[in-house]
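Remarks on the structure that follows.
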């Protein structure tokens, strides 16, 4: 009998998995044809464009003659402002007098003399042409030229700037990001009027070609980190990117963790504050949620209001948020663990009350906790997806069913209702962690029900270990709590006053445990060459 | 251990996982505290009691220092290497075998920690629970921690230290009223030999010194490979062992002052009995809370031992680049192999009380630790010195040989 070769076995398994993948999924690929360059012949170009566009109805083209030269004006329906098109492009072109001897002369005129639109680009390939057309540009192709001229005349409808729905504040700006990328860029630029602020546009998704924008301060961000992030985005194995969360797992070191080292925000002021600390932000066209990286765990407990209120109240509010988070994930599990396995922990008066309430219920306590949490989550999910008036009705029915009917019927003990109600409230205190805590509270109920306090402790340990392993760009998400730094006492558990906070500029590279490269861009042009990661 | 950082899509760069000295000190301190808190009192006959036990705990520091010194000398000679690498470098193939034995020892210690905690839980807290269940659960969590890496559980050690300090302070406050200073002087007549024996027994189970020597290159501020500077570590050793010695003395004083007499008499788990005696404002009893805390300490200890075991296994099964596929497989799956072995050890020790007692007695005698921390570094140093003498001789012979030619 020969010895089984583990390497060979691994290869076999990998081959099998690859075969399965081929049968099940299409791997995302580019739809760009081999011969991508624009042709000299206008007719050839139009045939190719129509063919590649699958003769789609929203591609509009109009043949025009400019100074005796044949040309085609192309645009996507609904993407271009008709008023701007007629005022900025059509009228000057019609008014152009005399004959141009060659297409190159016309191109030179476009390049050097005409100011038809502020955002004017030249394209040389079909894919570039499509990219600009679908971004709301008008494109002119001229007979005899293998170059297209694009004019930024975007005029599509979009949601107006409004208050962010997920990050409501009491004081401070009411502006939130909107869906179009360029509008979001202007909101950031208005807040940081520094030439060191850099926007770097690129596309993601081989089919959707979604515009994404890296935002950073060239004198504060780690060059190596920017290069690594750019590379990850360039190698993104996705064909469609519709939201910033599509990118998130590809930027994390531990994509299967309960917690993320990549944060999101809807607020331009929050984004500007983070970028000023040497972080990198990513805006994605079509979503008001921007990504911030690296994002520390304690930042989930910070809001813009913490910095507008008095420090004493801000510190109190922050401690409340930490308490809420731990209550949400641990309270149901701890209650089940103590009431099932460790009754000796309870003082006699409390023990009597808990026991009398639970004695009349037919289900085991753990099962009861699971059922009631599940009902609550069902109602929340239903209320979330329904129109608002119906959602309120669901809430009222839920309150009646759980709060009154279930207790009166003797199905559920009243302490359990109290615990679920309290957990439901506390889960909304830190909205960015809502999805994690929802799953975790179920896991802790199971751990507490089966193994008592030992199970809860073990579960909590595993969770904290999981959290401690999260890092982005070499910055541990748990910093500056662990590895510890006095900053933690300044703006983590508490919030010092601005006189004190203003003295020390926080920089993300300087947090303890950070392994970010310490080379900065110093405002130079980015070469794409990264430096070695140093041990901080 | 090193992890790979992907850089520019194609090139890989090896970056050593590093933790700070404070993280390492917390980790080693908590790991050592677990051994103290969970230790049963059986087999402690002949130990001194009362205030003398606390004094013996303080004096045990001298033994720990003596155990640390040979290993530290070896590490000073081999900056940038861990203990197993240094031994393998000095002793060649024999060194690889010794690394394998160190791996087996660490795996057994991890299994013993899990089995002891299981025995404690089943005998003191969950009397109806099936055997081995807690050991397996406990070890599964530890394997997860070891798999996440040194940085993850090194960071977690801070959380553990914070909770430990909070609970220790609350324990002291809640028992302050029951403390009777007279009990400390109840047993003052003990022979010098029994005093020093007690002190030695308190130092003898210090597996953390071995772990510390294995982790030394992973500490921030330690010397990189190839440089001649001495590794940073002395200060760390004094910090963690000093803290431990003080904490152990404090716990023994509290136990004697509250429970009376010898800490070994009448209570299977004296520190658990102490925790049972404590009452809180919120809870009627706090023993379950303390027991949970000890679980955190034990988890950290097991993570540490498993991780160090994997480090030793890496020294034994170095990657042969395809020459030996089995060794390659073991080297790349060292954490998994260590975990499987630890599960086997835990199942055996949790299922066999005699086996557990025998291993604990053998480990508690301190002979394995002397062999590992004193004899082994001495042999490695001697072998290294011999090799350097030989090379000097060769160099001296070489010019003469050339002249003759």
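Here, the range B:166-206 is characterised by an Rg to Rh ratio of 1.15, where Rg is the alpha-carbon radius of gyration and Rh the Kirkwood radius. The range B:138-201 and the range A:444-504 have their alpha-carbon centroids 23 Å apart. In degrees between 0 and 90, to the nearest 10, how far off the longest principal axis of chain A does helix A:42-52 point, with axes built from Cα atoms? With both axes taken from Cα atoms, the answer is about 20 degrees.
Inter-chain neighbour count for A:449-457: the average number of beta-carbon atoms from partner chains within 10 Å of each residue's beta-carbon is 6. Label-to-label distance for residue A:409 and residue A:86 is 6.6 nm, based on points extended 7 Å past Cα in the beta-carbon direction. Peptides B:381-394, A:211-224, A:328-341, ordered by how many other C-beta atoms sit within 10 Å of their residues on average, highest first, read A:328-341, A:211-224, B:381-394. Once you sort the root eigenvalues of the Cα gyration tensor of the range B:286-344 as a ≥ b ≥ c, which label holds: rounded (a/c under 1.5), prolate (a/b larger than b/c) or oblate (the other case)? It comes out prolate by the Cα gyration axes.
Stretching residue B:238 away from residue B:393 to a fully extended chain increases their span by 51.8 nm, per 0.36 nm per residue minus the current alpha-carbon distance.
More than 23 Å apart: what percent of Cα pairs in the range A:42-152 qualify?
Roughly 21 percent, once rounded to a whole number.
Take each residue of peptide B:299-306, count the partner chain Cβ atoms within 10 Å of its Cβ, and average: the result is 1. Go ahead and run the numbers for FRET between residue A:505 and residue B:162, Cβ-Cβ distance against an R0 of 30 Å, rounding to 0.05. It comes out at approximately 0.60. Between the C-alpha center of the range A:302-348 and that of the range A:230-278 there is a gap of 29 Å.
When each of the peptides B:126-132, B:155-161 is scored by how many other beta carbons lie within 10 Å of its residues on average, the order from highest to lowest is B:155-161, B:126-132. Taking every residue in B:146-156 and counting other chain Cβ atoms within 10 Å of its Cβ, the average works out to 6.
The long axis of helix A:181-191 is offset from the longest Cα principal axis of chain A by roughly 70 degrees. Principal-axis analysis of the Cα atoms of chain A puts helix A:414-427 at an angle of about 30° to the longest axis. With contacts taken as Cα pairs under 8 Å at a separation of at least 6 residues, chain A carries a relative contact order of 14 percent. Ordered from longest to shortest, the equivalent ellipsoid semi-axes for the protein assembly as shown are 61, 39, 25 Å, each the square root of 5 times a Cα gyration tensor eigenvalue. Taking the number of Cβ atoms within 10 Å of each Cβ as an exposure proxy, the fewest-first ranking of A:140, A:394 is A:394, A:140. Rounded to two decimals, the Cα-based Rg/Rh of the range A:311-469, with Kirkwood Rh, is 0.99.
As a calculated quantity, the FRET efficiency between residue A:377 and residue A:320 at R0 = 25 Å, using C-beta atoms, amounts to about 0.60. Counting every alpha-carbon pair across chain A, the share separated by more than 41 Å comes to 40%. Residue ranges B:171-179, A:125-133, A:264-272 sort as A:264-272, A:125-133, B:171-179 when ordered by packing (mean number of other C-beta atoms within 10 Å per residue, highest first).
Every read-out reported here was derived from the displayed coordinates using simple, explicitly stated rules and does not represent laboratory data. Fair warning: this is a prediction, and the values are worked out from it, not measured in the lab. No Cβ is skipped: glycine too gets one built from the backbone with ideal geometry, and neighbour counts run over all protein chains shown.
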